[in-house]
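The values are calculated or read from the model by the stated rules, or taken from the named source; none is laboratory data. Keep in mind that this is a model prediction, so the values were computed, not measured. Backbone-built Cβ (ideal geometry, glycine too); neighbour counts: all protein chains shown.
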Ligand code: BT5
(Lines give C-alpha, C1' and ligand atoms only; values in the text may rest on other atoms or scores of the structure.)
Protein backbone atom coordinates (compact mmCIF):
# COMPACT_ATOMS: atom_id res chain seq x y z
CA UNK A 1 0.00 0.00 0.00
CA UNK A 2 2.77 2.44 0.87
CA UNK A 3 4.33 1.69 -2.54
CA UNK A 4 1.17 2.84 -4.28
CA UNK A 5 1.04 5.93 -2.10
CA UNK A 6 4.60 6.78 -3.04
CA UNK A 7 3.81 6.36 -6.71
CA UNK A 8 0.79 8.66 -6.41
CA UNK A 9 2.91 11.22 -4.62
CA UNK A 10 5.67 11.08 -7.21
CA UNK A 11 3.14 11.49 -10.05
CA UNK A 12 1.45 14.42 -8.35
CA UNK A 13 4.64 16.19 -7.39
CA UNK A 14 6.10 15.94 -10.87
CA UNK A 15 2.95 17.51 -12.39
CA UNK A 16 2.19 20.28 -9.93
CA UNK A 17 0.97 22.67 -12.62
CA UNK A 18 -1.75 20.41 -14.02
CA UNK A 19 -4.53 18.17 -12.76
CA UNK A 20 -4.05 14.43 -13.03
CA UNK A 21 -7.15 12.29 -13.35
CA UNK A 22 -7.84 9.42 -11.01
CA UNK A 23 -7.48 7.12 -14.01
CA UNK A 24 -4.04 8.46 -14.92
CA UNK A 25 -2.86 8.05 -11.36
CA UNK A 26 -4.33 4.56 -11.20
CA UNK A 27 -2.58 3.57 -14.42
CA UNK A 28 0.76 4.85 -13.21
CA UNK A 29 0.44 3.19 -9.82
CA UNK A 30 -1.06 -0.02 -11.21
CA UNK A 31 -4.16 -0.04 -9.02
CA UNK A 32 -7.85 0.81 -9.17
CA UNK A 33 -9.38 4.31 -9.11
CA UNK A 34 -11.07 3.53 -5.82
CA UNK A 35 -7.69 2.72 -4.32
CA UNK A 36 -6.34 6.06 -5.58
CA UNK A 37 -9.09 7.90 -3.79
CA UNK A 38 -8.20 6.18 -0.53
CA UNK A 39 -4.49 6.97 -0.94
CA UNK A 40 -5.23 10.62 -1.66
CA UNK A 41 -7.11 10.76 1.64
CA UNK A 42 -4.16 9.18 3.43
CA UNK A 43 -1.75 11.68 1.91
CA UNK A 44 -3.96 14.53 3.06
CA UNK A 45 -3.84 13.08 6.55
CA UNK A 46 -0.06 13.17 6.32
CA UNK A 47 -0.17 16.90 5.66
CA UNK A 48 -0.12 17.12 1.88
CA UNK A 49 -2.56 19.65 0.44
CA UNK A 50 -4.16 18.05 -2.61
CA UNK A 51 -6.87 19.84 -4.56
CA UNK A 52 -9.53 17.82 -6.33
CA UNK A 53 -11.73 19.13 -9.13
CA UNK A 54 -14.65 17.32 -10.64
CA UNK A 55 -13.85 15.98 -14.12
CA UNK A 56 -10.27 17.22 -13.89
CA UNK A 57 -8.68 15.23 -11.12
CA UNK A 58 -6.05 15.94 -8.51
CA UNK A 59 -3.28 18.45 -8.03
CA UNK A 60 -0.66 18.75 -5.31
CA UNK A 61 -0.55 22.34 -4.07
CA UNK A 62 1.66 22.09 -1.05
CA UNK A 63 2.83 20.24 1.96
CA UNK A 64 3.11 21.06 5.60
CA UNK A 65 6.49 20.91 7.18
CA UNK A 66 6.37 17.39 8.51
CA UNK A 67 9.01 14.71 8.81
CA UNK A 68 7.10 11.52 8.09
CA UNK A 69 8.56 8.81 5.89
CA UNK A 70 6.99 10.25 2.72
CA UNK A 71 8.10 13.81 3.47
CA UNK A 72 11.66 12.57 3.70
CA UNK A 73 11.61 10.11 0.80
CA UNK A 74 10.14 12.54 -1.70
CA UNK A 75 13.16 14.34 -3.13
CA UNK A 76 15.76 12.27 -1.31
CA UNK A 77 18.83 11.76 -3.53
CA UNK A 78 20.66 8.99 -1.70
CA UNK A 79 21.23 5.29 -2.32
CA UNK A 80 20.88 4.00 1.21
CA UNK A 81 21.04 6.83 3.75
CA UNK A 82 17.57 7.74 4.95
CA UNK A 83 15.89 5.15 2.71
CA UNK A 84 14.60 3.24 5.71
CA UNK A 85 12.80 5.82 7.86
CA UNK A 86 11.51 5.06 11.34
CA UNK A 87 9.34 7.99 12.38
CA UNK A 88 7.80 8.90 15.75
CA UNK A 89 5.52 11.74 16.79
CA UNK A 90 7.10 11.60 20.19
CA UNK A 91 9.83 9.42 21.61
CA UNK A 92 12.20 9.41 24.59
CA UNK A 93 15.35 9.57 22.45
CA UNK A 94 15.99 8.61 18.83
CA UNK A 95 19.42 7.37 19.98
CA UNK A 96 17.80 4.79 22.20
CA UNK A 97 15.56 3.53 19.39
CA UNK A 98 18.47 3.40 16.96
CA UNK A 99 20.53 1.34 19.42
CA UNK A 100 17.65 -1.11 19.61
CA UNK A 101 17.25 -1.25 15.83
CA UNK A 102 20.99 -1.84 15.48
CA UNK A 103 20.60 -5.01 17.49
CA UNK A 104 17.56 -5.99 15.46
CA UNK A 105 19.67 -5.98 12.26
CA UNK A 106 18.17 -2.83 10.74
CA UNK A 107 19.92 -1.92 7.47
CA UNK A 108 22.78 0.55 7.22
CA UNK A 109 21.51 4.07 6.61
CA UNK A 110 18.38 3.57 8.71
CA UNK A 111 17.11 6.94 9.88
CA UNK A 112 15.22 7.30 13.15
CA UNK A 113 13.48 10.65 13.38
CA UNK A 114 11.03 12.18 15.82
CA UNK A 115 8.88 15.28 15.93
CA UNK A 116 9.64 15.54 19.65
CA UNK A 117 12.02 13.91 22.15
CA UNK A 118 11.04 13.68 25.81
CA UNK A 119 14.55 12.88 27.01
CA UNK A 120 16.84 13.92 24.18
CA UNK A 121 20.43 13.68 25.30
CA UNK A 122 23.79 15.27 24.66
CA UNK A 123 27.24 14.05 25.63
CA UNK A 124 27.90 12.95 29.20
CA UNK A 125 24.22 12.53 30.01
CA UNK A 126 23.44 16.21 29.41
CA UNK A 127 19.93 17.04 28.25
CA UNK A 128 19.16 18.03 24.67
CA UNK A 129 16.12 20.28 24.35
CA UNK A 130 13.92 18.76 21.60
CA UNK A 131 10.46 20.37 21.49
CA UNK A 132 7.81 19.42 18.95
CA UNK A 133 7.39 21.01 15.54
CA UNK A 134 10.49 23.13 15.11
CA UNK A 135 13.63 21.04 15.07
CA UNK A 136 15.20 17.97 13.55
CA UNK A 137 15.94 15.23 16.04
CA UNK A 138 17.37 12.23 14.26
CA UNK A 139 19.76 9.28 14.51
CA UNK A 140 21.46 7.49 11.64
CA UNK A 141 22.63 3.90 11.87
CA UNK A 142 25.93 2.94 10.20
CA UNK A 143 27.92 -0.27 10.18
CA UNK A 144 31.46 0.57 9.10
CA UNK A 145 34.01 -2.24 9.28
CA UNK A 146 36.51 -0.32 11.39
CA UNK A 147 38.11 -0.49 14.82
CA UNK A 148 36.31 1.44 17.59
CA UNK A 149 39.10 4.05 17.87
CA UNK A 150 37.86 5.49 14.58
CA UNK A 151 34.43 6.35 15.95
CA UNK A 152 35.24 9.96 16.97
CA UNK A 153 36.07 10.77 13.35
CA UNK A 154 32.42 10.26 12.51
CA UNK A 155 31.46 13.27 14.60
CA UNK A 156 33.74 15.33 12.36
CA UNK A 157 32.51 13.72 9.13
CA UNK A 158 28.95 14.45 10.22
CA UNK A 159 29.80 18.04 11.09
CA UNK A 160 31.14 18.62 7.57
CA UNK A 161 28.00 17.06 6.06
CA UNK A 162 25.74 19.23 8.22
CA UNK A 163 27.65 22.40 7.34
CA UNK A 164 27.25 21.68 3.64
CA UNK A 165 23.57 20.83 4.01
CA UNK A 166 22.97 24.13 5.79
CA UNK A 167 24.85 25.98 3.07
CA UNK A 168 22.79 24.24 0.37
CA UNK A 169 19.41 24.95 1.92
CA UNK A 170 19.93 28.26 3.74
CA UNK A 171 23.08 29.76 2.30
CA UNK A 172 24.22 31.08 5.66
CA UNK A 173 27.67 31.16 7.23
CA UNK A 174 28.20 28.38 9.79
CA UNK A 175 31.21 27.23 11.74
CA UNK A 176 32.30 24.10 13.55
CA UNK A 177 33.46 24.11 17.13
CA UNK A 178 35.43 21.00 17.99
CA UNK A 179 34.29 18.36 18.48
CA UNK A 180 30.55 18.34 17.97
CA UNK A 181 29.00 21.80 17.80
CA UNK A 182 27.87 23.76 14.79
CA UNK A 183 27.52 27.45 15.42
CA UNK A 184 25.96 30.43 13.73
CA UNK A 185 26.96 33.83 15.09
CA UNK A 186 28.64 31.99 17.95
CA UNK A 187 25.44 30.25 19.02
CA UNK A 188 24.76 26.57 18.80
CA UNK A 189 22.51 25.51 15.96
CA UNK A 190 23.40 21.81 15.84
CA UNK A 191 24.82 19.23 18.23
CA UNK A 192 26.18 15.83 17.20
CA UNK A 193 26.40 12.74 19.38
CA UNK A 194 28.27 9.68 18.08
CA UNK A 195 27.73 6.45 20.00
CA UNK A 196 28.77 2.92 19.19
CA UNK A 197 28.26 -0.74 19.79
CA UNK A 198 31.60 -2.48 19.44
CA UNK A 199 34.00 -5.05 20.77
CA UNK A 200 37.68 -4.29 21.32
CA UNK A 201 38.50 -4.96 17.66
CA UNK A 202 35.56 -3.83 15.64
CA UNK A 203 32.62 -1.49 15.44
CA UNK A 204 29.30 -3.32 15.16
CA UNK A 205 27.11 -0.25 14.87
CA UNK A 206 27.60 3.46 14.91
CA UNK A 207 24.68 5.62 15.95
CA UNK A 208 25.06 9.21 14.87
CA UNK A 209 22.64 11.55 16.62
CA UNK A 210 22.02 14.94 15.09
CA UNK A 211 19.96 17.66 16.76
CA UNK A 212 19.26 20.73 14.63
CA UNK A 213 17.36 23.85 15.63
CA UNK A 214 15.42 24.86 12.53
CA UNK A 215 12.25 26.89 12.95
CA UNK A 216 12.43 28.03 16.57
CA UNK A 217 12.06 31.76 17.11
CA UNK A 218 13.85 33.53 19.96
CA UNK A 219 10.92 33.18 22.39
CA UNK A 220 10.82 29.44 21.84
CA UNK A 221 14.08 28.74 23.67
CA UNK A 222 14.07 28.15 27.42
CA UNK A 223 15.85 30.70 29.60
CA UNK A 224 19.05 28.69 29.98
CA UNK A 225 19.54 28.38 26.21
CA UNK A 226 18.67 31.96 25.25
CA UNK A 227 22.28 33.12 25.10
CA UNK A 228 23.81 29.98 23.66
CA UNK A 229 21.37 28.61 21.08
CA UNK A 230 19.93 29.80 17.79
CA UNK A 231 18.02 28.34 14.85
CA UNK A 232 18.33 28.32 11.07
CA UNK A 233 15.15 30.34 10.82
CA UNK A 234 16.45 33.05 13.16
CA UNK A 235 19.68 33.22 11.17
CA UNK A 236 18.00 33.25 7.78
CA UNK A 237 14.89 35.24 8.62
CA UNK A 238 12.46 32.82 7.05
CA UNK A 239 10.80 29.46 7.69
CA UNK A 240 12.95 26.57 6.52
CA UNK A 241 11.72 23.21 5.23
CA UNK A 242 12.93 20.65 7.74
CA UNK A 243 12.42 17.75 5.33
CA UNK A 244 14.70 19.47 2.84
CA UNK A 245 17.40 19.96 5.47
CA UNK A 246 17.16 16.27 6.39
CA UNK A 247 17.48 15.28 2.72
CA UNK A 248 20.59 17.37 2.26
CA UNK A 249 22.19 16.08 5.44
CA UNK A 250 21.56 12.50 4.29
CA UNK A 251 22.97 13.28 0.86
CA UNK A 252 26.22 14.77 2.14
CA UNK A 253 26.62 12.23 4.92
CA UNK A 254 26.35 9.39 2.43
CA UNK A 255 28.82 11.13 0.13
CA UNK A 256 31.43 11.79 2.82
CA UNK A 257 31.00 8.37 4.34
CA UNK A 258 31.88 6.89 0.95
CA UNK A 259 34.87 9.19 0.50
CA UNK A 260 36.05 8.34 4.00
CA UNK A 261 35.76 4.57 3.50
CA UNK A 262 37.62 4.79 0.18
CA UNK A 263 40.25 7.45 0.83
CA UNK A 264 40.47 7.76 4.60
CA UNK A 265 40.17 10.81 6.79
CA UNK A 266 42.63 13.15 5.02
CA UNK A 267 40.20 14.76 2.52
CA UNK A 268 37.57 15.26 5.23
CA UNK A 269 40.12 16.69 7.63
CA UNK A 270 41.00 19.44 5.15
CA UNK A 271 37.37 20.42 4.77
CA UNK A 272 36.73 20.19 8.47
CA UNK A 273 39.64 22.53 9.21
CA UNK A 274 38.34 25.03 6.68
CA UNK A 275 35.09 25.29 8.66
CA UNK A 276 36.58 25.11 12.14
CA UNK A 277 36.49 28.10 14.44
CA UNK A 278 38.83 27.04 17.16
CA UNK A 279 42.01 26.33 15.22
CA UNK A 280 44.81 28.80 15.93
CA UNK A 281 42.92 30.26 18.88
CA UNK A 282 43.88 30.37 22.52
CA UNK A 283 41.41 27.99 24.14
CA UNK A 284 40.44 26.41 27.41
CA UNK A 285 39.58 22.73 27.23
CA UNK A 286 37.67 21.13 30.09
CA UNK A 287 38.26 17.40 30.07
CA UNK A 288 37.25 14.65 32.46
CA UNK A 289 40.79 14.80 33.90
CA UNK A 290 41.02 18.54 34.37
CA UNK A 291 41.37 21.79 32.49
CA UNK A 292 44.05 22.71 29.94
CA UNK A 293 44.73 26.02 28.27
CA UNK A 294 46.81 26.82 25.22
CA UNK A 295 46.72 27.20 21.48
CA UNK A 296 44.56 24.81 19.41
CA UNK A 297 47.01 23.67 16.73
CA UNK A 298 44.63 21.53 14.71
CA UNK A 299 43.36 17.98 14.64
CA UNK A 300 45.29 14.79 13.97
CA UNK A 301 44.42 12.27 11.29
CA UNK A 302 42.40 10.52 13.98
CA UNK A 303 40.32 13.62 14.73
CA UNK A 304 42.09 14.25 18.03
CA UNK A 305 42.55 17.91 19.02
CA UNK A 306 46.13 19.10 19.52
CA UNK A 307 46.65 21.76 22.15
CA UNK A 308 49.99 23.41 22.83
CA UNK A 309 50.31 24.76 26.37
CA UNK A 310 52.50 27.67 27.40
CA UNK A 311 55.48 25.37 28.05
CA UNK A 312 55.33 24.16 24.47
CA UNK A 313 54.01 20.74 25.43
CA UNK A 314 51.53 19.37 22.94
CA UNK A 315 48.53 17.58 24.42
CA UNK A 316 46.21 15.23 22.58
CA UNK A 317 42.62 15.83 23.58
CA UNK A 318 40.08 13.13 22.86
CA UNK A 319 37.03 14.63 24.48
CA UNK A 320 36.36 18.00 26.06
CA UNK A 321 34.29 21.14 26.06
CA UNK A 322 36.25 24.07 24.75
CA UNK A 323 35.95 27.81 25.26
CA UNK A 324 37.88 30.84 24.14
C1 LIG B 1 25.40 17.65 21.96
O2 LIG B 1 25.80 17.38 23.24
O3 LIG B 1 25.51 18.71 21.41
C4 LIG B 1 24.77 16.47 21.24
C5 LIG B 1 23.31 16.67 20.96
C6 LIG B 1 22.73 15.52 20.18
C7 LIG B 1 21.22 15.60 20.09
C8 LIG B 1 20.66 14.57 19.17
S9 LIG B 1 18.98 14.84 18.80
C10 LIG B 1 18.81 13.29 18.09
C11 LIG B 1 19.61 12.33 18.94
N12 LIG B 1 18.82 11.81 20.04
C13 LIG B 1 19.28 12.22 21.23
O14 LIG B 1 18.77 11.91 22.33
N15 LIG B 1 20.37 12.98 21.05
C16 LIG B 1 20.73 13.13 19.66
P17 LIG B 1 26.68 18.36 24.15
O18 LIG B 1 27.88 18.82 23.40
O19 LIG B 1 26.87 17.61 25.41
O20 LIG B 1 25.77 19.63 24.37
C21 LIG B 1 24.69 19.61 25.27
C22 LIG B 1 24.45 21.03 25.72
O23 LIG B 1 23.91 21.81 24.66
C24 LIG B 1 23.43 21.15 26.83
O25 LIG B 1 24.04 21.00 28.08
C26 LIG B 1 22.88 22.57 26.63
O27 LIG B 1 23.76 23.53 27.21
C28 LIG B 1 22.95 22.75 25.13
N29 LIG B 1 21.65 22.47 24.48
C30 LIG B 1 20.66 21.63 24.85
N31 LIG B 1 19.66 21.63 23.96
C32 LIG B 1 20.01 22.49 22.98
C33 LIG B 1 19.39 22.93 21.77
N34 LIG B 1 18.21 22.47 21.35
N35 LIG B 1 20.08 23.84 21.02
C36 LIG B 1 21.27 24.32 21.40
N37 LIG B 1 21.89 23.95 22.51
C38 LIG B 1 21.28 23.04 23.31
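One table, with the values for the structure above:
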read-out: Sole exception among (1) modelled with pLDDT of 95 or more; (2) part of a helix (DSSP H, G or I); (3) within 16 Å of the ligand (Cβ to nearest atom) for residue 233, by number; value: (1)
read-out: Tally, over the range 180-209, of residues that are near the ligand (Cβ under 8 Å from one of its atoms) and either over 21 Å from residue 227 (Cα atoms) or in a loop (DSSP other than H, G, I, E, B) (or both); value: 3
read-out: Residue selected from the range 55-69 under the condition over 23 Å from the mean Cα position of the chain (by Cα) and not in a strand (DSSP E or B), by the criterion surrounded by the fewest Cβ atoms within 10 Å (Cβ to Cβ); value: 55
read-out: Residue in the range 72-83 that is within 29 Å of the chain's Cα centre (by Cα), assigned to a loop (DSSP other than H, G, I, E, B), at pLDDT below 95 and closer than 27 Å to residue 162 by Cα present; value: yes
read-out: Candidates 213, 186 - the one that is within 27 Å of residue 274 (Cβ to Cβ) and surrounded by fewer than 18 Cβ atoms within 10 Å (Cβ to Cβ); value: 186
read-out: Breaking point among (1) outside any loop (DSSP other than H, G, I, E, B); (2) within 12 Å of the ligand (Cβ to nearest atom), for residue 260; value: (2)
read-out: Cross-chain or 6+ apart pairs with Cβ under 8 Å, the range 200-217 first and farther than 18 Å from residue 166 by Cα, then near the ligand (Cβ under 10 Å from one of its atoms) and in a strand (DSSP E or B); value: 206/194; 206/195; 207/139; 207/140; 207/194; 207/195
read-out: Meets criteria (touching a residue at least 24 places away in the same chain (Cβ under 8 Å), within 16 Å of the chain's Cα centre (by Cα) and within 27 Å of residue 318 (Cβ to Cβ)) for residue 166; value: yes
